[in-house]
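Here is the structure we will look at.
The values are calculated or read from the model by the stated rules, or taken from the named source; none is laboratory data. On a predicted model such as this, the values are computed, not experimentally measured, just so you know. Note that we place each Cβ from the backbone using ideal geometry, even for glycine, and neighbour counts take in every protein chain shown. Note: accessible area is taken over every heavy atom of the protein model, side chains too, but ligands, DNA and RNA are not part of it. Shrake-Rupley method; radii C 1.70, N 1.55, O 1.52, S 1.80 Å.
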Amino acid sequence: MVAVKCLQQHWTLLCDDIRHGTIAEDHPKITDPSVRKAVMKILVKTNPKLADFIENECKRDSSWEGIVSRLWPNAKCIVTIITGTMSHHINNIDFYSNGLPIVSHMYACSECFLGINLDPLTKPPEVSYTLIPTLAYFEFLPILGEDDNQKDNFNQEKKQHHPELVDLVKVELGREYELVVTNYAGLYRYRVGDVLRVAGFKNNAPQFNFMRRRNVVLSIDMDKTNETEFQNAVKKQFTIL
């Protein structure tokens with residue numbers, strides 16, 4: 001969605017650069033010399049035909065409905081992450097892409113690659129990931145209840161006994177867990193902070209829905225609001241409007 005919004009704001013500049021095969025000296029956005037040099041390597045020649053095509057499509061409909069499929073007519077799918085609290089982007093993606101399939105093909109984080117979606121064309125709300133046990137050692141911390149965010153407080157952790165970690169082969173269908181990884185880079189029992197729900201099994205391998213991050217989004221006085229509650233409130237507000 002960020003790319004579409006950026007294109008909406010700057011498509012005229014893009015068309016000018018493509019049409020003339022160069023970047024204007026007074027370009028308002030590309031001012032860093034190294035970035036300018038890198039972009040100039042791509043704009044090796046003028047392409048008025050492409051510039052006219054982009055301009056005509058961007059001017060054709062002020063709502064920009066289907067702009068992705070119109071500018072990229074050979075596109076077969078949209079590869080992005082729309083699980084958990086990113087799901088509110090689904091309607092916008094469908095609008096701009098004319099309903100192209102949305103593919104969330106992998107599950108990864110900065111600590112390691114975690115798993116894959118074995119059915120990439122499944123509907124976004126039903127996306128699940130199968131963790132690959134050779135990528136890291138996975139353990140799971142059972143979620144105790146809706147107020148689990150409050151139980152994450154550092155001082156409380158010193159006093160409370162957490163449930164024992166559960167191995168990958170012992171997770172239960174329908175239960176939610178926080179992912180804990182031990183990776184090849186040296187992290188030992190690192191709490192990733194992702195909350196996963198066991199959605200089913202592929203042969204004997206459990207598959208997980210990504211639900212949310214476990215950190216607190218809003219903390220006002222004694223009121224703790226987690227990511228899921230915040231998203232539901234936003235969705236409800238938009239529905240009312």
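A few points about this structure:
- Candidates Lys49, Lys76, Lys59 - the one that is within 22 Å of Lys123 (Cα to Cα), loosely packed, with under 13 Cβ neighbours inside 10 Å and at pLDDT 90 or above: Lys76
- Complete set of residues in segment 79-112 that are open to solvent by 40 Å² or more (accessible area, probe 1.4 Å) and in contact (Cβ under 8 Å) with a residue 12 or more places away in the chain: Val79, Thr80, Ile81, His88, His89, Asn92, Phe95, Asn98, Pro101, His105, Met106, Glu111
- One residue alone among Val44, Val2 is more than 30 Å from Ile81 (Cβ to Cβ), at pLDDT below 85, open to solvent by 60 Å² or more (accessible area, probe 1.4 Å) and hydrophobic (A, V, I, L, M, F, W, C), and that residue is Val44.
- Every residue from segment 134-156 that is open to solvent by 60 Å² or more (accessible area, probe 1.4 Å) and at pLDDT 90 or above: Thr134, Tyr137
- Checked against (1) closer than 30 Å to Leu179 by Cβ; (2) open to solvent by less than 50 Å² (accessible area, probe 1.4 Å), Leu121 meets all criteria but (2).
- Residues (small (Gly, Ala, Ser) and farther than 13 Å from Tyr107 by Cβ) located in segment 173-214: Gly174, Ala185, Gly186, Gly193, Gly200, Ala205
- Meets criteria (at pLDDT below 90 and farther than 30 Å from Arg214 by Cα) for Ser69: no
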